[in-house]
Amino acid sequence: MQRSVYICPESICWKMITGISTRRVLYAETDRMGFLYYGNYPSYYEVGRTELLRTLGTSYKALEETGVQMPVHSLQIEYIKPAAYDDVLSIRATLKEMPGVRMLFHYEIENESGEVINRGQTELVFTRISDNKPVRPPAWFVELLEPHFRE
């Protein structure tokens, strides 16, 4: 599985964080028509957001080690064009605002021709692992993101 992430330069992405990951569609992910099965798009979103966090110097695992988890609260998907087996897709994951108790990720998936074939967003909620109660993100996590949202 091919993956790479790039942080969008500040001169282009002012007051937001954008990362781009690439991933090849596997045969096991396709439906009978040979297209990426519609239910698999959320896993591509997960690739985008987890790789974006890694590029920023952290991970879900690091959050979990501090007693915080981030379950998905809502998911929105817009299907524009199909992807097929063996296509290499670019997954653009973007944070447009600093998180509070909730963190909203926006996604665009492009095919090899640069056409946007799918858009979506996920809203995740920071919760304590011990009791599943919503909490604010850890201070170290906020400090990691803040420089990307300063004027």
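The values are calculated or read from the model by the stated rules, or taken from the named source; none is laboratory data. What you are looking at is a predicted structure, and each value in this text was computed from that prediction instead of being measured. All Cβ positions, glycine included, derive from the backbone under ideal geometry; neighbour counts span all protein chains shown.
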Hey, can you tell me all the residues within the range 87-136 that are among the aliphatic types (A, V, I, L, M) and over 18 Å from Arg23 (Cα atoms)? Leu95, Met98, Val101, Met103, Leu104, Leu124, Val125, Ile129, Val135
Which residue is modelled with the lowest pLDDT, if the candidates are limited to the range 85-123 and must be closer than 28 Å to Pro147 by Cα, surrounded by fewer than 17 Cβ atoms within 10 Å (Cβ to Cβ) and hydrophobic (A, V, I, L, M, F, W, C)? Met98
Return the only residue of Pro82, Pro71 being farther than 23 Å from His148 by Cβ and either within 15 Å of the chain's Cα centre (by Cα) or hydroxyl-bearing (Ser, Thr, Tyr) (or both). Pro71
When (1) under 21 Å from Tyr37 (Cβ atoms); (2) basic (Lys, Arg); (3) under 17 Å from the mean Cα position of the chain (by Cα) are applied to Lys61, the one that fails is (1)
Among the residues of the range 52-70, are any of a type in the set (Phe, Trp, Tyr) and at pLDDT 95 or above? no
Would you confirm whether or not the range 87-106 contains a residue that is more than 16 Å from the chain's Cα centre (by Cα), at positive phi and without any contact (Cβ under 8 Å) to a residue 40 or more places away in the chain? no
When the range 44-75 is examined, which residues are found to be hydroxyl-bearing (Ser, Thr, Tyr) and either closer than 27 Å to Thr30 by Cα or touching a residue at least 40 places away in the same chain (Cβ under 8 Å) (or both)? Tyr44, Tyr45, Thr50, Thr55, Thr58, Thr66, Ser74
Tally the residues that are on the phi < 0 side of the Ramachandran plot and not in a strand (DSSP E or B), restricting the search to the range 71-86. 6
